[in-house]
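The values are calculated or read from the model by the stated rules, or taken from the named source; none is laboratory data. Source: prediction; values computed, not measured. Note that we place each Cβ from the backbone using ideal geometry, even for glycine, and neighbour counts take in every protein chain shown. Heavy atoms of the whole protein, side chains included, go into the accessibility calculation; ligands, DNA and RNA do not. Shrake-Rupley method; radii C 1.70, N 1.55, O 1.52, S 1.80 Å.
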Amino acid sequence: MRHDNRRRAPALFACVAITVLTAAGTMAAEPASRPAAAPIAVDQHGPAIKDVYKNHFLIGTAGDLPGNYSDQEMALARENFGIVTPENCMKPAPVHPGEDTWRFERPDALVKWCVDNKIAVHGHTLVWHAQTNDWFFRDGDKAKVTQRLKDHISTLVGRYKGKIHGWDVVNEAISDRGNAQTADTENLRNSSWVQTIGPEFLALAFKFAHEADPDAKLYYNDYGIEAGPKHASSMVLLKRLIKDGAPVHGVGIQGHWSTNGLPYAALDKAIADYASLGLKVSITELDVTIRGSAGGQFGPGPGGRRFGTGTPASPEDLKLQADAYARLFAILIKHKNAVERVTFWGLSDRRTWRFGQNPLIFDSNNQRKPAYLAIVDALLHPKPELAAPR
Ligand code: GLA
């Protein structure tokens, strides 16, 4: 697929450099002793992130496009991203709500829009413990549930064969409750898949997906696998899958992080670990909240501070976030031979599941944030010392 769509949205690119200003209300609340940081000017006309990174890795966004997105948002997606992950519409529950019921309208529209615009698609997700309806497991013994798994994967992957760059085949199979004792085990989550089929559900899922589309890149995707016992368990699991001949091509590190404690050193090591197994690595659901916690919480940040809509983050906060993204991308650039793709989990601070915490690179008004500039700069004016793990 080509990723060099050059069409521009007049409305979006007509504006000149903007200045990110702290909202008047927030300024008034600042302690008098603390001087306000200078606003950061962000050039809205500079090179597009996907073009800057085209010789390194794919840059993606997530969303159930085209859906109810505005023309301006669609232009933003087209202009800046080379690959789209459907945020919800290909998950088991929405796409396959009953054994004989499929809902292909939204996935079909997404794939068509991407193909028409020469944008790649990353399918998400075939097998998961969440957003999966009970019918998969109802009255099913191992053989029956395996057959349902196969039918689900063959139908979905087969429908888009040749049009999908890759798939998250299995999402989040490893338990969060890891410790020193579990670190040398797979420590699988006790999901309905494990209960009915057993740990071999993973290898089977990869095999079924590969049969349905032999050219698709097949990923294991999870959060928190870059560090600690969960990382160790992911290595055990991936080694087993490879040994069993499962066609696994890559590992997706979701990347729901915060400027509080981004795991730079762990990430640096984790990418090298996965690459040593011959696997590609992608950051599949990237968002970095400002001073919030890492992980999956929805909505406003700490203390109910809500700076998602209409109330921009302060210049200090935007700078903090831009610096974090710069360090993160310095590490990803260092590992460019292993990294295949970096996908932001949403289009803008208005289109994000962590709404209210300003985690993305476009603000609520679809304007490039300092973080956007910092990521572009990380490649155009590299500072390799930023990639030194701490
Ligand atoms: C996980 C899933 C995603 C999404 C997020 C929340 O990370 O992989 O599909 O559901 O949770 O948006």
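Please give the peptides 144-152, 370-378, 173-181 ranked by average Cβ packing (other Cβ atoms within 10 Å per residue), highest first, as a rough proxy for protection. Could you put the intermediate results ahead of the total?
Numbers: 144-152: 17.1, 370-378: 23.3, 173-181: 15.1.
Final packing ranking: 370-378, 144-152, 173-181.
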* Tell me the label-point distance for the pair ASN337, ALA275, using the 7 Å Cα-to-Cβ offset, in nm and rounded to one decimal. => 0.7 nm
* **Residues whose placed amide H lies under 5 Å from that of LEU58, excluding near-sequence neighbours** => ARG341, VAL342
* **Whole-Å distance, taken between Cα centres, linking segment 97-161 and segment 370-390** => 38 Å
* **Order of exposure, largest accessible area first, which applies to GLU99, GLU73, GLU385 with probe 1.4 Å** => GLU385, GLU99, GLU73
* Structure fact -> The distance between the Cα centres of segment 229-292 and segment 33-79, in whole Å, is 24 Å
* What is the gain in length, in nm to one decimal, between LYS112 and ASP151 on full extension, counting 0.36 nm per residue of separation less the C-alpha to C-alpha distance? -> 11.7 nm
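Counting alpha carbon pairs within less than 8 Å and at least 6 residues apart, what relative contact order, in whole percent, applies to segment 50-202? Don't jump to the answer; show the numbers that get you there.
Details: 204 pairs, mean separation 31.8, N = 153.
Answer for segment 50-202 is 21 percent.
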* Which whole-Hz couplings ³J(HN,Hα) result when phi for each residue of segment 99-110 is put into the Karplus expression 6.51 cos²θ - 1.76 cosθ + 1.60, θ = phi - 60°, listed in order with x for Gly and Pro? -> 3, 10, 10, 10, 10, 9, 4, 6, x, 4, 5, 5
* **segment 229-287 - percent of accessible surface contributed by carbon and sulfur, probe 1.4 Å** => 58 percent
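How high is the FRET efficiency between ALA388 and ARG189 when r is their beta carbon distance and R₀ equals 35 Å, given to the nearest 0.05?
Values: r = 34 Å, r/R0 = 0.98.
Once rounded, the FRET efficiency stands at 0.50.
Taking 0.36 nm per intervening residue step and subtracting the Cα-Cα distance, what contour gain separates LYS243 from ASP141 on full extension? Show your work: numbers first, answer last.
Numbers: separation 102, 0.36 × 102 = 36.72 nm, distance 2.65 nm.
Gain on stretching LYS243 to ASP141: 34.1 nm.
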* **Fraction of accessible area attributable to carbon and sulfur, segment 78-145 (%, probe 1.4 Å)** => 46 percent
* Asked: What is the calculated FRET efficiency for ASP323 to LYS161, with r their C-beta to C-beta distance and R₀ = 41 Å, to the nearest 0.05?
  -> 0.45
* **LYS217, LYS243, reordered so the largest accessible area comes first (probe 1.4 Å)** => LYS243, LYS217
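Largest first, what is the accessible-area ranking of THR343, THR182 with a 1.4 Å probe? Write out the running numbers ahead of the final one.
Working: THR343 0, THR182 25 Å².
Most to least solvent-accessible, the answer reads THR182, THR343.
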* Output the peptides 198-206, 128-136 sorted from most to least packed, where packing is the average of other Cβ atoms within 10 Å over each peptide's residues. => 198-206, 128-136
* So how much slack lies between ASP100 and ALA130, counting 0.36 nm per residue of separation and subtracting their Cα-Cα distance, in nm? -> 8.8 nm
